[in-house]
1. Which shape class, rounded, prolate or oblate, goes with segment 211-293 when its Cα gyration tensor gives a ≥ b ≥ c as root eigenvalues, a/c under 1.5 marks rounded, and past that a/b bigger than b/c marks prolate?
2. Specify the inter-centroid distance of segment 635-705 and segment 86-159, based on alpha-carbon positions, in whole Å.
3. Using alpha-carbon positions, what is the distance between the centroids of segment 32-62 and segment 258-276, in Å?
4. So if each residue of separation counts as 0.36 nm, and I subtract the Cα-Cα distance between ASP502 and ARG27, what length gain in nm does that give?
5. Students often check this: by mean Cβ neighbours within 10 Å, which of 614-623, 648-657 ranks highest, and how do the rest follow?
6. Under a point spin-label approximation (7 Å from Cα along Cα-to-Cβ), what is the THR149-GLN301 distance to one decimal in nm?
7. How would you rank 279-292, 599-612, highest first, on the average number of other Cβ atoms within 10 Å across their residues?
8. If a/c stays under 1.5 just call it rounded; otherwise compare a/b with b/c (prolate if a/b is bigger, oblate if not). Do that for segment 584-669, with a ≥ b ≥ c from the square roots of the Cα gyration tensor eigenvalues.
Amino acid sequence: MLEAAVARGLDVNALARGAALPIEALRDAGAHVSWDQFVDFNASLAQLAGGPAELEALGAAMLRAPSESFFPLIARFVVSASQLHELGTRYVAPSVFEGLPLELVDASDRRVVLRCVLPPSFRGSAHYFHVCKGTLGAVSTLVGLPPSTVEAEITAREATYVVLLPRDERRWSAMLRRMRRWVAGRPLADLLEQQDSMRESYEALLRTRQEFHDVLARAPLAAFIHRDGRYLWVNAAAARLLGYDEPDEIVGQHVLEHVHPDDRERVVQRISAPAAASQPGEYRMRRRDGSTVLWDVAPTQVVTFHGAPARLLLANDITERARAREQLALADRLGSFGLIAASVAHEINNPLAYAQLSVQTISRGLDKADVAPSLPALRGAAATAIDGLERVRAIVADLKTFARADEETIAPTDLNDVVKTTLRLAQKTLGSASRIDVSLGDLPKVNANHGRLGQVVLNLLLNAHEAIEDRGVAGVIALRTAVDDSGLVLLEIADNGTGIPDKVLSRVFEPFYTTKAKGRGTGLGLSICHRIVGAYGGTITLESATAEVPASELRTFARVRLRVASQAAETEVASERGTPPSPARRRRILIVDDEPAVGATIATTLGEDHDVVVETGGRAARRTLAGDPGFDVVLCDVMMPDIDGIQLFEEIRAANEQLATRFVFMSGGAFSSRARSFLANAKSPSLEKPFTGAQLSAAIERLRR
């Protein structure tokens, strides 16, 4: 752009001052600038150039700038201006600014329609769109045609271009003239000249095809050509990413042979759907050695291969990027926990205090010689202790929900339950400076992960709380859920805090972007919220009043919209709840736990109705089961220091498969991935500590079904 501006006679120093960029950065063709700097540069160009027409002329001149060699090089490999527009839209434009969407709406020999809508995180720039209009008009000149006519609708945030291409009649009209001259009796030399011209054109086309093939073969991205899912050609990068030495080792294999089993259904749907309907997507792939990697696959392109239609796929290995992304999400979640830790401790300490005092009251009452007069008071103290312990259990369960947000299980989820869980955890922190008005509508379930969605709600609530603290007014946070007019489930969180300036609002979803003071934010919260909601097919938007408003009025609105879960999915979840257990019968039960107090308490709870044996630890339980395999139930803790429940179960299953079907597992928190995976796949019932006597009995009874 700088070279084109200089060619048009614009002042380089004035451009640099207007864009707040050093001259060296402008002159370095390999330098990178941010989108905001680029927008400022375009504004400076507009100020110096004098209007849209001059900006369009500058855009046309860019294609002939000395440093712009790539696009003219591509022009050598195409046979029409329409194809050049298509290549530029799909491959060249995305490389300028990642995340800038340029959509090819329609393409034919005479007309190309393109559309660009800036994402919320990008500042608007009508000047840039005018430069693009000039560039689009000049594309046809790279293939030897006159400039195209471009009709455009341009605003600050979006532009639609209709490029009317000039008719390319040179080759065919020349051929017709020569044929007519021959028919009219012209010399045979003219016919031979025509034949030579056609042969040269064909040879040039073959050279172009080979050059394009060489470019694709050497590309760093994985490239595949397949027909009906079977590989016809792959490049060296694809072979390397799948763990093969040579591309020929893959040719002939089916795509599904390299897809993770859990993603095969999605790939089958993609193969069977029209190519034009394909979207970018992430897929887990299996390498030759059995390891799993994550690929980002671009939209499918239709190509001609060996004379028949086929499909071209371009993919990039994003395994390490995905791991880093998950680490950032974990860091953000831990940061949110830090903010609410004090209020959670307060919520736990209160019920623990009165539960402990109540148990001490019961203990003193039982020490008396005559207990009967104290029985009413002792029953009241026992009820109070149970209530306090139940409150602690509920708080710990809420914390576990957030702690397991790294598990990607997506299922029909009640958004109102997510909101209630989050509010219970954050109530003290938020309530210290804000009044929270909650309005929960009657909602269908949404497809989401409970913990991940809770992370979104918590981040939005904490952002609202901090904005109120910064403004120093009587805080109001309004939270409501509803079904909007389009049938989507809506979560809206509004506050009367400081508000968000327009120049900041367009960037709030960018990773690491933050306006908070050092130590108060990483700039990841809203970016992670945006990714989580997007993964569920939803949207998240922010709206903020720019003008000054009364302190009591709501100023900033965060809105999350999610799709409704399918009825089939909800029915499936409901069916898993099962039917109520039938009346219990007396059984022989072995209790295995490394905490003696836990084992003794469970034995006391079950002792009236069952014959109970307690073993402390997996090693002792293994000896007991080896000598006496006749237990009806083995109630086994998962996490134990000597031999854990998983190892004990696997050893018993190898020796006595029938006895292995009588296990019921207990866990105070399966914090290892091995334990989580085991419990998720085990067919045996499992209990989360702490649990009630009724829950314990119900789990034992489930063994009968």
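1. Judged from the Cα gyration tensor, segment 211-293 comes out oblate (a/c at least 1.5, b/c at or above a/b).
2. That distance is 60 Å.
3. One Cα centre to the other: 43 Å.
4. 167.9 nm
5. 614-623, 648-657
6. With each label point 7 Å from Cα toward Cβ, the separation is 3.0 nm.
7. In decreasing order of mean packing, 279-292, 599-612 become 599-612, 279-292.
8. Working: a/c = 1.71, a/b = 1.13, b/c = 1.52.
Cα axes put segment 584-669 in the oblate bin.
The values are calculated or read from the model by the stated rules, or taken from the named source; none is laboratory data. Note that the structure is a prediction, hence the values are computed from the model and not measured. Quick reminder, even Gly has a Cβ in these numbers, built from the backbone with ideal geometry, and neighbours come from all protein chains shown. Remember, those area values only see protein heavy atoms, side chains included, never the ligands or the DNA or RNA. Shrake-Rupley method; radii C 1.70, N 1.55, O 1.52, S 1.80 Å.
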